[in-house]
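J.: This is the structure, below, for whatever I ask next.
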Amino acid sequence: MKILLTGASGFIGRHLLTALLDAGHDVVCAVRKARAAARPGLSQVVVDFNKAQHPQDWMPALNGVDVVVNAVGILRELPGQTFDTLHRAAPIALFTAAAEIGVRHIVQISALGADEQAASRYHLSKKAADDFLLALPVQATIAQPSLVYGPGGASAALFERYASMPLIPLPGGGTQQVQPVHIDDVVSVLLRLIESAPGPDRRVAIVGPEPISLRSFYAALRRAMGFSSPARFVAIPMPIMRMVARIGNRLPGGFLDTETLDMLQRGNTADAAATQSLLGHRPRAPRQFVPSRYADAVAAQARLRWLLPMLRWAVGLVWIVTGLVSLGLYPVEQSYALLARSGVPPPLQPLFLYGAAALDVLLGVLALLPRRSRLIWLAQATLVLAYTAIITVKLPEFWLHPYGPVLKNLPFLAALWILYELEDRTWTT
């Protein structure tokens with residue numbers, strides 16, 4: 001078949017794209033910017049989802065298309081990306097155009113919870129598009145995945161990170177009910193829905209084998225990653241969680257805000273019968289999410305997700321505290337005496353002292369910024385090496401100091417090297 005796929009760059013979309021091409025279908029991806037097609041059977045059409053809010057905007061993309069699959073979705077709104085536009089207005093325009101042109105089947109990838117009890121803007125915007133589609137005179141299927149786990153997924157990275165911690169934080173007591181499903185099972189169900197005629201159930205929940213508590217999910221995932229020590233939990237009272245979520249409302253790009261917390265509190269479960277029937281077997285349980293041959297690598301990566309921020313904050317605070325101490329907490333006259341022994345003439349000593357202190361504070365602040373360049377670590381290492389060289393030549397006795405003030409530069413430089421190597425190559429958050 002010829003299939004129009006939107007959201008092919010998203011987590012579910014890119015896995016589904018691979019499966020569709022492997023199955024021999026021709027796939028047209030609606031993209032904002034066209035790139036060279038990497039595989040036979042793959043083509044692209046330029047459509048800006050933020051602007052394609054009228055049926056005529058979609059007509060060129062639907063030429064000869066048999067099936068439309070909409071996989072566009074966002075969990076948090078960002079500047080230029082709103083629930084109303086991406087979940088409701090653009091999909092409604094696409095569905096209208098597809099119905100007018102006579103597309104055989106439309107598959108809308110919605111979300112579990114987009115139902116009559118929906119309260120969040122995320123779920124309500126999904127439900128608005130779902131309801132509109134089901135009212136059109138066209139064969140349609142609404143796929144409603146639960147929490148989706150898989151390599152490369154943002155939610156998988158988040159849950160792996162928490163599951164790998166010595167103390168796993170739980171909102172409340174962690175009794176919230178979830179029913180996570182593996183991305184492989186999600187794609188298999190979607191492929192079956194796309195390739196077959198719509199059944200009597202036009203809304204299909206795609207879920208794991210059974211509901212479990214958030215606490216049990218973390219414990220199962222921790223075992224799947226091969227940790228020998230049992231999961232230990234610390235309950236975060238819900239008033240504190242709600243305060244953190246309100247702060248998250250003001251922080252773009254975060255995972256937690258008041259709406260996502262409310263969705264977690266509501267629970268996210270459904271009968272697994274439809275999923276099992278379409279798969280032909282029981283869906284994968286959380287204890288099977290991580291293949292044993294990859295467990296060590298997944299566990300190491302999960303640990304780094306919380307160890308690296310700890311290391312980064314420790315390094316940043318060293319620079320900030322060192323700078324503040326040099327600005328006056330340490331006797332200034334003694335600092336001047338050290339500068340004099342290093343060869344700095346008296347008129348320049350205030351400039352060197354306060355300039356170096358300000359530079360230390362600046363480097364510490366830059367290290368703590370949520371968006372930063374990996375060159376920060378290179379600059380810090382260069383400065384540490386410069387300080388070490390000066391001390392070696394002018395104040396060599398500090399190498400033999402019982403507190404080891406210069407020797408401590410060696411593990412500090414190792415920490416900077418680790419941060420430099422493991423940061424993103426351009427900018428990271």
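The values are calculated or read from the model by the stated rules, or taken from the named source; none is laboratory data. All figures in this text were calculated on a predicted structure; none of them were measured in a lab. For neighbour counting, all protein chains shown are included, and Cβ atoms are generated from backbone atoms with ideal geometry for every residue, glycine included. All accessible areas refer to the heavy atoms of the entire protein, side chains included, with ligands and DNA or RNA removed. Shrake-Rupley method; radii C 1.70, N 1.55, O 1.52, S 1.80 Å.
J.: Could you say which residue among 246, 293, 282 is basic (Lys, Arg) and either outside any helix (DSSP H, G or I) or at positive phi (or both)? Step through it out loud before you land on a result.
T.: Details: 246 fails: either outside any helix (DSSP H, G or I) or at positive phi (or both); 293 fails: either outside any helix (DSSP H, G or I) or at positive phi (or both).
Just a single option satisfies the conditions, and that option is 282.
J.: Kindly evaluate residue 386 against the criterion of being in contact with a Phe, Trp or Tyr (Cβ under 8 Å, 6 or more places away or on another chain) and either open to solvent by less than 50 Å² (accessible area, probe 1.4 Å) or modelled with pLDDT under 95 (or both). If you could, list the steps in order and put the result at the bottom.
T.: On the way: in contact with a Phe, Trp or Tyr (Cβ under 8 Å, 6 or more places away or on another chain): no; either open to solvent by less than 50 Å² (accessible area, probe 1.4 Å) or modelled with pLDDT under 95 (or both): yes.
No; evaluated as a whole, the condition is false for this residue.
Here is a yes/no grid of residues against (1) within 26 Å of residue 256 (Cβ to Cβ); (2) open to solvent by less than 60 Å² (accessible area, probe 1.4 Å); (3) at pLDDT below 95:
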position: 133; (1), (2), (3): no, yes, no
position: 145; (1), (2), (3): yes, yes, no
position: 155; (1), (2), (3): yes, yes, yes
position: 168; (1), (2), (3): yes, yes, no
position: 183; (1), (2), (3): yes, yes, no
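J.: Moving to a separate point now. Pick from the range 190-215 the residues that are closer than 20 Å to residue 145 by Cβ and of a type in the set (Gly, Ala, Ser): which of them is surrounded by the most Cβ atoms within 10 Å (Cβ to Cβ)?
T.: Of everything passing the filter in the range 190-215, 208 is surrounded by the most Cβ atoms within 10 Å (Cβ to Cβ).
J.: Hey, another quick one. Report those helices (runs of 4 or more DSSP H) wholly inside the range 1-114 carrying at least 3 residues which are without any contact (Cβ under 8 Å) to a residue 60 or more places away in the chain and more than 23 Å from the chain's Cα centre (by Cα). Let's see the steps before the verdict.
T.: Working: elements: 11-22, 55-58, 90-101.
Of the helices (runs of 4 or more DSSP H) lying wholly inside the range 1-114, those with at least 3 residues that are without any contact (Cβ under 8 Å) to a residue 60 or more places away in the chain and more than 23 Å from the chain's Cα centre (by Cα) span 55-58, 90-101.
J.: While we're on this one: Just to check your reading of the model, which residue among 280, 267, 328, 343 is exposed (fewer than 13 other Cβ atoms within 10 Å of the Cβ) and touching a residue at least 40 places away in the same chain (Cβ under 8 Å)? So that I can check it myself, show each step before the final result.
T.: Values: 280 fails: touching a residue at least 40 places away in the same chain (Cβ under 8 Å); 267 fails: exposed (fewer than 13 other Cβ atoms within 10 Å of the Cβ); 328 fails: touching a residue at least 40 places away in the same chain (Cβ under 8 Å).
The unique qualifying residue is 343.
J.: Another one. With 334, 349 as the choices, which residue is polar (S, T, N, Q) and open to solvent by 50 Å² or more (accessible area, probe 1.4 Å)?
T.: Going through 334, 349 in turn, just one is polar (S, T, N, Q) and open to solvent by 50 Å² or more (accessible area, probe 1.4 Å): 334.
J.: Just one of (1) modelled with pLDDT of 90 or more; (2) open to solvent by less than 80 Å² (accessible area, probe 1.4 Å); (3) among the aliphatic types (A, V, I, L, M) trips up residue 37, so point out which.
T.: Here residue 37 meets the rest and fails (1).
J.: Which one of the conditions (1) in a loop (DSSP other than H, G, I, E, B); (2) open to solvent by less than 20 Å² (accessible area, probe 1.4 Å) does residue 119 fail to meet, given that it meets all the rest?
T.: (2)
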